[in-house]
Structures are given as structure tokens and as C-alpha cells.
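All of the numbers you see were taken from the coordinates with simple rules; none came from a lab. Because the structure is a prediction, the values reported are computed rather than measured. Cβ placement follows ideal geometry from the backbone for every residue including glycine, while neighbour counts extend to all protein chains displayed.
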Amino acid sequence: MEFRAEMRYLRVSPQKARLVLDLIKGRRVEDARNTLMFTKKRVAAPVGKLLQSALDNANFLASEKGIDVDLDNLYVKRAVANDGPRMKRIRPAPQGRAYRYQRRIAHIELVLAERGKNGEVATVVGGETAAPAPAKARRRAPVVKKSAGKKKKAAAK
């Protein structure tokens with residue numbers, strides 16, 4: 001089961017938000033909270049609130065729908081920062097000119113999932129948990145080499 005939370009129109013560059021999100025991807029929720037607590041980036045505080053919101057969503061759905069969710073086994077499955085709309089601004093420049101710049105906005109999405117007892121990720125299929133299927137080997141098409149034919153030149157008379 002996946003639990004998600006989304007924060008939209010956050011006034012931070014998506015590139016800067018990705019730096020913090022990369023720190024918590026794949027970590028347990030408690031480890032991610034501790035990491036965000038001691039990260040000195042400005043975006044760490046809103047990401048911490050978003051992580052808490054996703055955890056509250058998991059807790060609410062567990063109590064509301066009667067789903068058995070172990071909050072200690074939750075981990076950050078996906079953390080993505082996408083571009084939002086950009087605000088175009090103008091800054092005064094020398095000799096009466098004007099420089100344009102853009103203030104960037106980010107949409108952040110956070111997805112939590114539950115790990116199995118052995119550490120592998122369990123998926124829910126029709127109410128039953130199933131192990132993830134192994135990836136199939138890719139088959140390559142045979143490579144056909146073309147031979148370069150020699151051109152004969154006609155003798156000049």
C-alpha cells in the first residue's frame with residue numbers, strides 16, 4: 001500500500017529541493033525525519049512537514065479503512081520535485097537597461113510504502129501481499145552486417 005502527500009507552489013527552486021529529497025529517498029521514515037531535522041537547507045523544513053503529512057495520511061487510512069499498516073516499516077519510496085509556474089521579474093541594469101530573471105516554483109510529491117519483514121518491498125494485489133516479480137531478460141534482435149561491395153571503374157578509352 002502506498003501513501004502519498006503533495007505540496008504545490010512551494011517558493012523554492014526544484015533543483016534545490018531535489019538536493020534534500022535525494023537525502024531521504026529509500027530511507028525509513030524515522031531516519032528521514034532525523035535527516036531532515038539536521039539538514040541546514042531552507043527547504044528541509046517544508047519537506048519535513050510534507051513527510052509528516054504523508055505519515056498522517058498512512059495513519060488515517062489505517063484507522064479509517066481498517067488496513068493493517070505498521071508505521072515503523074514505512075519508508076520513502078519516491079520523492080520528486082517538479083517544476084511549477086515561473087514568475088518573470090525584471091531587475092534594473094546599468095545604462096537604463098533591464099535584466100529579466102525567473103523565480104522558480106516547485107511541486108513536491110512524496111510517496112511512502114511499507115517494507116516486508118525481510119526488508120523486501122511487498123505489494124498488495126487484491127487484498128493479498130505478493131512478492132515483486134523478477135525482471136525478464138531483454139532479448140536483442142540479431143545484428144545484420146551489410147557488406148560493402150567494391151565498385152569497378154570503367155577503363156577510359
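What order, most packed first, do the peptides 106-115, 46-55, 62-71 have when packing is the mean number of other Cβ atoms within 10 Å of each residue?
The densest-packed peptide leads the list: 106-115, 46-55, 62-71.
With Rg and the Kirkwood Rh both taken from Cα atoms, where does Rg over Rh land for region 2-129?
Looking at region 2-129, the ratio lands at 1.14.
Return the sequence-ordered ³J(HN,Hα) values of region 63-80 in whole Hz as given by the Karplus equation 6.51 cos²θ - 1.76 cosθ + 1.60 applied to θ = phi - 60°, using x for Gly and Pro.
7, 6, 9, x, 7, 7, 10, 8, 5, 6, 9, 6, 9, 7, 7, 9, 9, 10
Just how large is the dipole of region 3-85 about the Cα centre, in debye to the nearest 20, putting +1 at every Lys and Arg Cβ and -1 at every Asp and Glu Cβ?
Here region 3-85 has a charge dipole of around 580 debye.
Treating the beta-carbon of each Lys and Arg as +1 and of each Asp and Glu as -1, no other charges, what is the dipole magnitude of region 66-105 about its Cα centre, to the nearest 20 debye?
Magnitude of the dipole: close to 880 debye.
Pick out, in residue order, every one of the chymotrypsin sites (Phe, Trp or Tyr not before Pro) in region 2-79 that is DSSP loop and has at most 16 other C-beta atoms within 10 Å; say none if there are none.
Those that pass, being in a loop and sparsely packed, are Phe38.
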